[in-house]
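Below: the structure, in structure tokens.
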Amino acid sequence: MYFSHDIEDSTICILSLYVDDLVTVGKSNAVKDRVKRQLNVKYKMNDLGVVNHILGCEARHDVDTGIT
């Protein structure tokens, strides 16, 4: 688990990494996209979109409220 806090614009991004699975959580898509771009410079990555399963657990999303 990694935590990033940008003091200038008060954005937070949390990364959960297990073996070859990476999940990003942030207040906005712009924050998550910025972190993914930075990681993609150094590491070969594939964006598989919205997470549905992680470590054998189902992830559910309420698109209207943004609650996961």
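The values are calculated or read from the model by the stated rules, or taken from the named source; none is laboratory data. What you see is a predicted model, and the numbers here were worked out from it, not measured in a lab. A quick note on method: Cβ atoms are made from the backbone with ideal geometry, for glycine too, and the neighbour counts reach across all protein chains shown.
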Filter result (among the hydroxyl-bearing types (S, T, Y) and under 13 Å from the mean Cα position of the chain (by Cα)) within region 35-68 | T68
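Restricting to region 28-48, name every residue that is charged (D, E, K, R) and more than 17 Å from M1 (Cβ to Cβ).
Scanning region 28-48 gives D33, R34, R37, K42, K44, D47.
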From (1) out of contact with any Lys or Arg (no Cβ under 6 Å at 6 or more places or on another chain); (2) without any contact (Cβ under 8 Å) to a residue 24 or more places away in the chain, pick out the condition that doesn't hold for S4.
-> (2)
Restricting the search to region 23-52, which residues are in contact with a helix residue (DSSP H, G or I) (Cβ under 8 Å, 6 or more places away or on another chain) and either at positive phi or not charged (D, E, K, R) (or both)?
-> T24, V25, G26, M45
What pairs come up if the first residue lies in region 22-45 and is at pLDDT below 90, the second is part of a helix (DSSP H, G or I) and basic (K, R), and their beta carbons are under 7 Å apart, counting only those six or more places apart or on different chains?
-> T24/K32; T24/K36; G26/K32
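Could you list, in sequence order, all residues of region 50-65 that are among the acidic types (D, E) and either modelled with pLDDT of 85 or more or in a loop (DSSP other than H, G, I, E, B) (or both)?
Passing the criteria: E58, D64.
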So which residues in region 48-65 are surrounded by 10 or more Cβ atoms within 10 Å (Cβ to Cβ) and either more than 15 Å from L17 (Cα to Cα) or in contact with a His (Cβ under 6 Å, 6 or more places away or on another chain) (or both)?
-> N52, A59, H61
Checking D20 against (1) acidic (D, E); (2) within 16 Å of M1 (Cα to Cα); (3) out of contact with any Leu (no Cβ under 8 Å at 6 or more places or on another chain); (4) surrounded by 11 or more Cβ atoms within 10 Å (Cβ to Cβ), which single condition isn't satisfied?
-> (4)
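Out of all the residues in region 25-39, is one or more closer than 23 Å to H61 by Cα, in a strand (DSSP E or B) and not acidic (D, E)?
Narrowing region 25-39 to residues closer than 23 Å to H61 by Cα: 25-36.
Subsequent filtering for residues that are in a strand (DSSP E or B) retains 25-26.
Keeping just the survivors that are not acidic (D, E) gives 25-26.
Yes: one or more hits.
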